[in-house]
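K.L.:
Shown below is the structure under consideration.
The values are calculated or read from the model by the stated rules, or taken from the named source; none is laboratory data. Nothing here was measured: the structure is a model prediction, and the numbers come from that model. All Cβ positions, even for glycine, are placed from backbone atoms using ideal geometry, and neighbour counts span all protein chains on display.
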Amino acid sequence: MPPHETETGTESAAARQAKESLELAFQMSQILDTGLDRHTLSLLMALCDRGANPEALAALVRELSSAAPPTAATTPASTATAVPSTKAASLFPSGLRQP
């Protein structure tokens, strides 16, 4: 079998696995009612794959969600109780260079 065929098969298997992982994460996201769409979830997963701190990303998503304009699903009482964290979490582990 020529090398490019094996490489293509490996790439398609990796792509299929990535798609399945995203679908599973999206289903979990839906069950937990996170409000994240597939695209946003895939960006967050890619950042984690590149070494971003998942807890810091979660804090960022929470803060951005609480700062977003109210939607039909959000009541004024629930937005008034959202308080951004005063502790700034780093997106990257201490071993990685931060800008």
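K.L.:
Is it true that some residue in the stretch 58-67 is of a type in the set (S, T, N, Q) and surrounded by fewer than 16 Cβ atoms within 10 Å (Cβ to Cβ)?
P.N.:
The answer is yes; a qualifying residue exists.
K.L.:
Also, quick follow-up: Part of a loop (DSSP other than H, G, I, E, B) and at pLDDT 95 or above - does that describe any residue in the stretch 53-64?
P.N.:
If we filter the stretch 53-64 for residues that are part of a loop (DSSP other than H, G, I, E, B), which is where we start, we get 53.
Keeping just the survivors that are at pLDDT 95 or above gives 53.
Yes, some residue in the stretch 53-64 is part of a loop (DSSP other than H, G, I, E, B) and at pLDDT 95 or above.
K.L.:
Please list, ordered by first then second residue, the pairs with beta carbon atoms under 6 Å, 6 or more apart or interchain, first in the stretch 24-49 and within 16 Å of Ala68 (Cβ to Cβ), second surrounded by 12 or more Cβ atoms within 10 Å (Cβ to Cβ) and of a type in the set (Ser, Thr, Tyr).
P.N.:
Matching pairs, first to second residue: Leu36/Ser29.
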